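Notes follow once the structure below has been shown.
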Amino acid sequence: MSDLVGDARHLSPSAQEGLRLRAVAALVVGREREDVAAFFGVSLKAVDGWWAKWQAGGWEALVMRPRGKPVGVHQVLEEAEQAAVRQAVLDHLPCDVGLSGQLWTRRLIGELIAKLYRVRR
């Protein structure tokens, strides 16, 4: 394996994209799959997957895509409810709103939300 890449999963998403594009470009000009995998320091399975994606969708199929869920997908509270929770945390101590403790923690904010809106995650 090449010392250029190592484990490609530790590269940034844009660097991973560049790696995919360069590897497939090498295949397009006739390089052997095994040589491409060795040169770029990736598995033969990765090279085969990139090649299949390129064959199915062209260069566009290899470009970087956003990862994870879109922002806000997991939000349970409406904007106004979120604002009310923020204000309660800014204006009060946990003990002021019937919770134990003097310092807001993630757990206590969860308890406040459960108390105000009957929502638990």
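Within region 67-114, the set of residues being loosely packed, with under 11 Cβ neighbours inside 10 Å and in contact (Cβ under 8 Å) with a residue 24 or more places away in the chain comprises 67 only. All of (1) part of a helix (DSSP H, G or I); (2) modelled with pLDDT under 90 hold for residue 34 with one exception: (2).
Can you find, within region 55-66, the residue that is nearest to residue 9 (Cα to Cα) among those that are free of Cβ contacts under 8 Å to residues at least 12 places away in the same chain and not in a loop (DSSP other than H, G, I, E, B)? Result: 61.
When we screen 52, 38, 23 for residues that are in the same structural domain as residue 12 (by TED's automatic domain parsing), touching a residue at least 12 places away in the same chain (Cβ under 8 Å) and under 24 Å from the mean Cα position of the chain (by Cα), the only hit is 23.
For residue 77, the test of being under 30 Å from residue 114 (Cα atoms), over 22 Å from the mean Cα position of the chain (by Cα) and part of a loop (DSSP other than H, G, I, E, B) is passed.
The values are calculated or read from the model by the stated rules, or taken from the named source; none is laboratory data. Keep in mind that this is a model prediction, so the values were computed, not measured. Ideal geometry is used to build each Cβ from the backbone, glycine not excepted, and the neighbour counts take in all protein chains shown.
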